[in-house]
Amino acid sequence: MSAEAPTAEGVLAFLIRTIVEEPDAVHIETSGDDRCKFSVTVADGDMGRVIGKRGRVANAIRTIVRAAAISDETEIDVDFVD
Amino acid sequence: MEWIETTGATVDDAKERALDRLGVAEDELEYEILAEASRSMLGLKKTDARLRARVRPRQSLPRVERRDRDRNRRGGGSRGGGRNGRNKGNSRGEGGKQESTGRGNRRKQDDGSQRPRKDADRSEKSGNGPNRGSGDRSSRRRRRGESPETVGDVGSGVESTGDDRADRGRNDRSPASAPKGVQMELETQSEIVEEFVAGLLDEMGLDARVVSTIQEDRLSVEAQGLNLGLAIGHRGETVRAITEIARTIVQRRSEGAAVGFLSVDVGGYRERRRTFLEEFARNQAEAVLGDGRARALEAMGSADRKVIHDTVSEIDGVETESEGSDRDRRVVIRPVAD
């Protein structure tokens, strides 16, 4: 059985699309069994925006998405795939 | 924006000191190393590291032209006129005086009402930098769509923004950041941030109302509602994360030319935290005065430490200092040596 976290995924998609220049290039893949893992791909030029200086933006995204996952009663990981 | 100079045994120490004094998070600090710490060849003489630091202005482009634009796009007439005076010395008048309304545009009465006097005083006492981290959020709320409150402070025909800067002394930005520009820019930012916060909380399945307050060069956006704990997080970590993203979005949409300082709150968390810290600081200071023994508080972020420094600086007989580095940095309250 694979894990699902619809709220977290919705929040993640919202955050990423808000931050990037090319929302159409955003792709989120879900994997994992007991724990949802989101792998995020964005347009090349947007990677820096999503990560931020010293990973600050990426960490902020993780914090918010983890909070959202509490509604889904699950835990999640977010990976940004280069 | 005023520069301060700090010293420390290492550059990091000096930097931590600057963060404390300015009360900002690390990414908001701009600094230059004036001198590295050094030792003489025999290791006998030690020189401290020295730096020059300030709060990083969020505005990178001169916006002189904005001075002459009309700021009163919304709310019709809260901040008109004011071109005739950046009459700096004149701003500390007591609230309620209106004797100077005849001196210029009548609308100026509104100006000056939004100055957080308490804060200005506090920051003056502590001799600290721009009190970015300590805006008095409780005062003067302006909701979108309503006209700003009129409180008859003024006492001078001076424009509040410039006037407050002078008042606070250290908050002066470059002359290019005209007060009018600040106001306009923040209104645009507030739309962006409100939309973002409302959209985010909606995605999180939370029911909230989002309101903005603009006070001088500070934009506060707050999500209000019940059961917002999810969006606050452990010790406010989610609030901070939301703020971080909001700043990122504003910076991007404005192409780095956003002015002012943005703070995002959820469910009144920041305000509660501040009130809590102030009371905590006063209690601890009293305990120190009681038995004359210094107390080290728990480790805190720089904005929280600044609340402690500011609160304790108003109490006679005690002084504060930060010790430790990075995540372990904490405030020590100690009795003042006679």
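The values are calculated or read from the model by the stated rules, or taken from the named source; none is laboratory data. Keep in mind that this is a model prediction, so the values were computed, not measured. In this analysis, Cβ positions are derived from the backbone assuming ideal geometry, glycine residues included, and neighbour counts consider all displayed protein chains. We work out accessible area using only protein heavy atoms, side chains counted, and drop any ligands, DNA or RNA first. Shrake-Rupley method; radii C 1.70, N 1.55, O 1.52, S 1.80 Å.
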Return the total of residues in the stretch B:230-241 being within 8 Å of chain A (Cβ to nearest Cβ) and either more than 11 Å from A:Asn59 (Cα to Cα) or open to solvent by 10 Å² or more (accessible area, probe 1.4 Å) (or both). 5
Counting only residues that are open to solvent by 50 Å² or more (accessible area, probe 1.4 Å) and free of Cβ contacts under 8 Å to residues at least 60 places away in the same chain, which one in the stretch A:59-76 is nearest to the other protein chains (Cβ to nearest Cβ)? A:Ile70
Which of (1) touching a strand residue (DSSP E or B) at 6+ places or on another chain (Cβ under 8 Å); (2) touching a residue at least 24 places away in the same chain (Cβ under 8 Å) is the odd one out, the single condition B:Arg247 does not satisfy? (2)
With the structure loaded, tell me whether B:Phe276 is within 28 Å of A:Gly45 (Cα to Cα) and away from chain A (no Cβ under 14 Å) or whether it fails that test. no
Could you grab me the full set of residues in the stretch A:36-51 that are within 14 Å of another protein chain (Cβ to nearest Cβ) and either open to solvent by 80 Å² or more (accessible area, probe 1.4 Å) or in contact with a Cys (Cβ under 6 Å, 6 or more places away or on another chain) (or both)? A:Arg49
Restricting to the stretch A:1-35, what's the tally of residues that are within 10 Å of chain B (Cβ to nearest Cβ), in a loop (DSSP other than H, G, I, E, B) and β-branched (Val, Ile, Thr)? 1
